[in-house]
1. Considering only residues that are surrounded by 15 or more Cβ atoms within 10 Å (Cβ to Cβ) and not aromatic (F, W, Y), which ones fall in the stretch 96-109?
2. Here is a list: P83, P77. Which entry is of a type outside the set (V, I, T), in a loop (DSSP other than H, G, I, E, B), surrounded by fewer than 21 Cβ atoms within 10 Å (Cβ to Cβ) and at pLDDT below 95?
3. Check off (1) crowded, with 19+ Cβ neighbours inside 10 Å; (2) out of contact with any Asp or Glu (no Cβ under 9 Å at 6 or more places or on another chain) for D227 and give me the number that stays unchecked.
4. So, in the stretch 23-57, of the ones that are under 23 Å from N207 (Cα atoms) and surrounded by fewer than 19 Cβ atoms within 10 Å (Cβ to Cβ), which residue ends up modelled with the lowest pLDDT?
5. Can we say R158 is exposed (fewer than 15 other Cβ atoms within 10 Å of the Cβ) and modelled with pLDDT of 85 or more?
6. Considering the stretch 135-154 alone, what residues qualify as being outside any strand (DSSP E or B) and of a type outside the set (D, E)?
7. Could you tell me whether V165 is modelled with pLDDT of 85 or more and closer than 30 Å to D243 by Cα?
8. I'm trying to understand the selection: among the residues of the stretch 168-191, which are modelled with pLDDT of 85 or more, closer than 19 Å to N26 by Cα and small (G, A, S)?
Amino acid sequence: MAEIQYTEKPELHKPNMVLGFSGWLNGGEASTGVLVYLVNKLKATKFAELDAEDYHIYQVPGVEMLRPHMRSFMGVPQEILFPTNEFYYWKNEKGEGDLVLFLGSEPNLKWRSFGNKIMDVAQEYGVKRLHSVGGVLDRSPHTREPRLFASMSEPHLREEMSKHVMGFGTYEGPSSFTSMLHYLARERHLEAVSLSVRSPIYIQGRNPRAWLAVLERLIKLLDLKLDLDDLRLECAIMDRRLDRIAKENPEVMTRLKEWEQAYDTATQEDQAPAELTAEDAVREAEDLLRHLGEESS
């Protein structure tokens with residue numbers, strides 16, 4: 001069984017942990033993107049890694065990102081890079097607590113074992129709370145403020161989280177790894193919360209507006225002083241491009257107006273992700289992306 005491989009054993013003061021995973025709950029790259037942003041922005045230091053070998057299947061059909069990446073020259077292998085699960089730390093010189101950041105891939109195998117390794121690190125460093133972040137692709141329009149919903153390991157955390165999100169999901173069905181972490185946190189008597197943002201299905205890859213929505217709440221929860229103006233600028237550039245496409249294409253504008261109306265009339269109970277079948281998601285995303293591709297070509 002893979003063990004945590006440490007390159008350093010930092011001394012940390014009352015740290016919180018923030019976790020991001022590639023995989024299911026990464027719409028708009030809101031999970032991995034937010035973690036990469038924090039690591040780079042804070043200049044966090046890597047101190048440990050959890051070997052992926054025991055927890056990942058590299059030949060998952062249709063999931064190219066899970067395969068190791070190869071670099072070769074003139075037919076000769078030069079380097080092979082496997083998926084990583086990395087721990088970083090950052091010492092907060094101006095606030096109450098330090099940070100442990102985890103950036104990894106949602107495991108295919110041995111969820112409990114993988115999660116318990118993360119919990120071992122959390123308890124070793126006296127982590128006060130685990131904060132997972134993620135994103136869900138749905139019919140949210142880019143012209144509206146992204147809505148966030150939350151889940152948590154304990155009912156008493158709901159009041160605090162209600163100050164930062166717009167709703168709580170009531171759900172029964174296939175689970176993300178975040179839900180598994182909440183279950184394990186309860187067993188370890190640790191607090192765990194997650195913030196998930198709704199992201200338009202027609203924005204493929206990174207969605208800076210989704211990242212910004214998550215980070216604005218997260219830095220309040222963590223009492224961080226972090227300048228997000230670079231993300232706000234990226235949001236403005238993306239919005240101008242998408243608005244121009246919609247104005248120049250009546251079909252896209254009609255679809256966007258429908259989504260805006262549905263968004264504006266949604267009730268508080270509707271803030272969890274709307275049910276969207278895989279077939280509907282693919283059809284609508286392909287339809288809108290076709291126009292985006294025509295515009296950019």
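1. Restricting attention to the stretch 96-109, the residues satisfying the condition of being surrounded by 15 or more Cβ atoms within 10 Å (Cβ to Cβ) are 97-108.
G97, D98, L99, V100, L101, L103, G104, S105, E106, P107, N108, listed by residue number.
2. On the way: P77 fails: in a loop (DSSP other than H, G, I, E, B).
Just a single option satisfies the conditions, and that option is P83.
3. It is condition (1) that D227 fails.
4. In the first step, residues of the stretch 23-57 are kept if they are under 23 Å from N207 (Cα atoms); the result is 23-44.
Retained after the next criterion (residues that are surrounded by fewer than 19 Cβ atoms within 10 Å (Cβ to Cβ)): 24, 36, 40-43.
Numbers: W24: 81, V36: 96, N40: 96, K41: 96, L42: 96, K43: 96.
Among those that are under 23 Å from N207 (Cα atoms) and surrounded by fewer than 19 Cβ atoms within 10 Å (Cβ to Cβ), it is W24.
5. Details: exposed (fewer than 15 other Cβ atoms within 10 Å of the Cβ): yes; modelled with pLDDT of 85 or more: yes.
So R158 passes the test.
6. Scanning the stretch 135-154 gives R139, S140, P141, H142, T143, R144, P146, R147, S153.
7. Working: modelled with pLDDT of 85 or more: no; closer than 30 Å to D243 by Cα: yes.
No.
8. Taking the stretch 168-191 and keeping what is modelled with pLDDT of 85 or more, we get 177-191.
Add one more test, that the residue is closer than 19 Å to N26 by Cα, and what stays is 177-182.
Residue satisfying the conditions is S179 alone.
The values are calculated or read from the model by the stated rules, or taken from the named source; none is laboratory data. In this text the structure is predicted, and so the values were computed from the model without any measurement. Note: ideal-geometry Cβ built from the backbone for every residue, glycine included; neighbour counts use all protein chains shown.
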